[in-house]
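A short write-up of the structure that comes next.
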Amino acid sequence: MAAQFFTSRFGGQSEAPFAQNNLALHVGDRRQAVLANRRLLQDEFGPVCFMNQSHSNLVCVVEGIVEQEPQCDALVTQSPGIYLAVLTADCVPLLMWDDESTCVAAVHVGRRGLQNGIALRTVAVMRALGAGNIFATLGPSICGPCYEVGSDIYQEVVSIFPKATAVTAQGTLALDLPAALIGQLDSVNIQSARSRECTVENETYYSYRRDGITGRAAGLIRL
Ligand SMILES: [Zn+2]
């Protein structure tokens, strides 16, 4: 099985409201602090490839670390020893690998990513590269009851992804993104395991919904 892990908000040099281990350059944190946090990660685990995420359905296959971060929401590599990183604060960090060690993938799946099929596109790329049976891990993300949405968005999503149906503690409409994503992966025969940690409820993690201005944690995987 490919090496994989998820970072928490602890252990880095960022200060409030990004404290402590923010790995994202685009959220308003001091650049020097983010670069120091990334350096700590790379000193311990080796080269890490980040991406410039925008809730797109773009998949990039990378062979090494490039100076300019790829503009995409999914990274795939066949190169051993390079960690692929997906940055999140409530969205689902999705990591995938295959039983023949052909390739690995790190995918950013928010509501828009669920709807635009970024995970399915990534699976197609992995299979085109010769992947065997693919497995998936869904890291810490916002849970169903914490993801309250308006009725328009609710209808738009659950009409296509019935498994996204959720309600808040107050009984209002909500979306279970990880449940919907597991259903989507299931439809292309991919077994997945889901973290039960909710980023909103657990202050170990960054949460955009809870804090607004905040940092991003990483899900990382390598061959
Ligand atoms: Zn929750």
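The values are calculated or read from the model by the stated rules, or taken from the named source; none is laboratory data. Note that the coordinates shown come from a computational prediction; the quantities given were computed from them, not determined experimentally. Cβ sites come from the backbone with ideal geometry, for glycine too, and all protein chains shown count toward neighbours.
In the range 106-147, the residue that is surrounded by the fewest Cβ atoms within 10 Å (Cβ to Cβ) out of those that are more than 16 Å from the ligand (Cβ to nearest atom), farther than 18 Å from T77 by Cβ and of a type in the set (S, T, N, Q) is N133.
When the range 86-117 is filtered for residues that are assigned to a helix (DSSP H, G or I) and either more than 11 Å from the chain's Cα centre (by Cα) or modelled with pLDDT under 95 (or both), the ones remaining, listed by number, are R111, R112, L114, Q115, N116. Here the range 123-159 is the region considered, the condition is being in a loop (DSSP other than H, G, I, E, B) and in contact with a Leu (Cβ under 8 Å, 6 or more places away or on another chain), and the residue that is nearest to A89 (Cα to Cα) is I142. Taking every residue in the range 52-64 that is in contact (Cβ under 8 Å) with a residue 24 or more places away in the chain and pairing it with any residue that is among the aliphatic types (A, V, I, L, M) and in a strand (DSSP E or B), at least 6 positions away or on another chain, the pairs with Cβ-Cβ distances below 7 Å are Q53/L87; V59/A74; V59/V76; V61/V76. Comparison of N37, N57, N21 shows that the only residue that is of a type outside the set (S, T, Y), surrounded by 23 or more Cβ atoms within 10 Å (Cβ to Cβ) and part of a loop (DSSP other than H, G, I, E, B) is N21. Contact map, the range 130-152: residues that are farther than 17 Å from G183 by Cα and acidic (D, E) paired with residues that are in a strand (DSSP E or B) and within 14 Å of the ligand (Cβ to nearest atom), Cβ distance under 8 Å, separation 6+ or inter-chain. Pairs shown: E148/A174. Being within 14 Å of the ligand (Cβ to nearest atom) and buried (at least 20 other Cβ atoms within 10 Å of the Cβ), is that true of even one residue in the range 179-197? Scanning the range 179-197, I find no residue that is within 14 Å of the ligand (Cβ to nearest atom) and buried (at least 20 other Cβ atoms within 10 Å of the Cβ), so the answer is no.
For the range 159-172, what are the residues that are within 15 Å of the ligand (Cβ to nearest atom), in contact (Cβ under 8 Å) with a residue 24 or more places away in the chain and aliphatic (A, V, I, L, M)? Matches in the range 159-172: A164, A169. With the structure loaded, tell me whether T204 is within 16 Å of the ligand (Cβ to nearest atom) and closer than 22 Å to A74 by Cα or whether it fails that test. Taking the combined requirement at face value, the residue does not satisfy it.
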